[in-house]
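The values are calculated or read from the model by the stated rules, or taken from the named source; none is laboratory data. Values in this document were obtained by computation on a predicted structure and should not be read as measured data. Quick reminder, even Gly has a Cβ in these numbers, built from the backbone with ideal geometry, and neighbours come from all protein chains shown. These accessible areas exclude ligands, DNA and RNA; they are computed on the full protein's heavy atoms, side chains included. Shrake-Rupley method; radii C 1.70, N 1.55, O 1.52, S 1.80 Å.
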Amino acid sequence: MSELIRLESIVKRFDDTVVLNGIDLSVAENEFVTLLGPSGCGKTTTLRIIGGFEKPDEGRVFFDGKDITDMPANQRHINTVFQNYALFPHMNVGENIAFSMRVRNKPEQYIKDKIKYALKLVNLDGFENRRIDQLSGGQQQRIAMARAIVNEPRVLLLDEPLGALDLKLRQEMQYELVRLKKELGITFLYITHDQEEALTMSDKVVVMNEGYIQQEGTPEQIYDEPVNAFVADFIGDSNILDGQMIAERVVRIDGVDYPCIDGTEQGFPPGRPVDVVIRPEDIDIMPYGQGQFNGTIISKLFIGVHYEMLVQSENGEIEWLLQNYDQHDVGEKIGMKVDPENIQIMHKPKSEAESARELDL
Ligand SMILES: Nc1ncnc2c1ncn2[C@@H]1O[C@H](COP(=O)(O)OP(=O)(O)O)[C@@H](O)[C@H]1O
Ligand SMILES: [Mg+2]
């Protein structure tokens, strides 16, 4: 896949606050890339810089190999769909979609055909003459998409476009967007603070926090191999635990030694204090006394397909979060086991690691 967008060392300040701290990002042609992070981490600012609505203080923006840092927004082959879709309320659906084509002096027949094509793509065949206030939120969102599509952009920038919709509609629209992207064969750069949305739709997820990119990778890489505790915590529920490497490929957590697959080669030699991530679905429940450690179930919640449980470990202070398809009762004593490949070892933040290293094994 050839590279379509590249950000090089983008720095952006508002007043004296740095909101982007040297962002490097590459988006390939036809890729579905999602910027994921908590509110205020700099997602919208990144998108606005790519769209040309904001100038970076440092760094360059490239499009198809060309430096477009100083190119005005309307000359970029990029279209944006914002969260508040900003449809014109006094125009009907067809007029809304036609607007930008009229501005570009496209012929009437071309405009008519395009409207029909776009409405078909977003599953709103025949809606040309509807008034905007007759549409549901989901339908308005589709019209906003249709309006962006007719300009034949090479990239669609989508800033939390589903943010205003309720959960069920949002999930429906997620499938719609993936289908739409496939049919259009264009590049999507998507923003969300919703980790599930990011994992569901994207080819590549870029996790941001406080103006820095924390990690980028496929949804599987981000979920299975978070590089630090922030990413692990942000992407789904996790057990994030204090650990210490006590032998080659053995980590001690809460007084119990677990074989794992990371060692010196991966930068985790014996003696090193580490953070450990264990996903709740990766803890196997065994009969009491037969696992690697024991505990008592202190709470249980049925959340649709599986049960979520908190288990108080017998070894120490830790409450483990478990997910399991089988029903177990509060108060039940169980054994637990974690396979080596499900133990994710991570570096501690530097300052923490140094003070932790002074502790004895
Ligand atoms: N025009 C602006 N003037 C001053 N501060 C801004 C402006 N736009 C954004 N910010 C600040 O920059 C930071 C990042 O904002 P933004 O990119 O909108 O984050 P996100 O989209 O991830 O929620 C926030 O602290 C926000 O308050
Ligand atoms: Mg935003």
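Points to keep in mind about this one:
- Within the stretch 149-184, the only residue that satisfies the criterion of being in contact with a Phe, Trp or Tyr (Cβ under 9 Å, 6 or more places away or on another chain) and on the phi > 0 side of the Ramachandran plot is 160.
- Of all residues making up the stretch 187-205, the number that are within 12 Å of ligand 1 (Cβ to nearest atom) and either hydrophobic (A, V, I, L, M, F, W, C) or part of a loop (DSSP other than H, G, I, E, B) (or both): 2
- Candidates in the stretch 289-344 are the residues that are part of a strand (DSSP E or B) and among the acidic types (Asp, Glu); of these, the one that is farthest from the chain's Cα centre (by Cα) is 319.
- Residue match in the stretch 78-86 (condition: in a helix (DSSP H, G or I) and more than 16 Å from ligand 1 (Cβ to nearest atom)): no
- Boolean, residue 175 is among the aromatic types (Phe, Trp, Tyr) and within 16 Å of ligand 1 (Cβ to nearest atom): no
- Filter result for residue 57 (more than 22 Å from residue 207 (Cβ to Cβ), within 14 Å of ligand 1 (Cβ to nearest atom), of a type outside the set (Lys, Arg) and open to solvent by less than 80 Å² (accessible area, probe 1.4 Å)): yes
- No other residue among 143, 111 is in the same structural domain as residue 38 (by TED's automatic domain parsing), assigned to a helix (DSSP H, G or I) and closer than 23 Å to residue 47 by Cα apart from 143.
- Counting the residues of the stretch 26-49 that are within 12 Å of ligand 1 (Cβ to nearest atom) and buried (at least 17 other Cβ atoms within 10 Å of the Cβ) gives 12.
- Just one of the listed residues (323, 312) is under 19 Å from residue 253 (Cα atoms) and modelled with pLDDT of 90 or more, and it is 312.
- Only residues that are away from ligand 2 (no atom under 16 Å from the Cβ) and either under 11 Å from residue 212 (Cα atoms) or in contact (Cβ under 8 Å) with a residue 24 or more places away in the chain (or both) were counted in the stretch 11-24, giving 6.
- Per-region count, the stretch 107-127, residues open to solvent by 50 Å² or more (accessible area, probe 1.4 Å) and not polar (S, T, N, Q): 10
- Any hit, the stretch 209-227, residues being under 16 Å from residue 36 (Cβ atoms), within 16 Å of ligand 2 (Cβ to nearest atom) and touching a helix residue (DSSP H, G or I) at 6+ places or on another chain (Cβ under 6 Å): yes
- Total residues in the stretch 145-168, condition more than 16 Å from ligand 2 (Cβ to nearest atom) and either modelled with pLDDT of 90 or more or within 23 Å of residue 63 (Cα to Cα) (or both): 12
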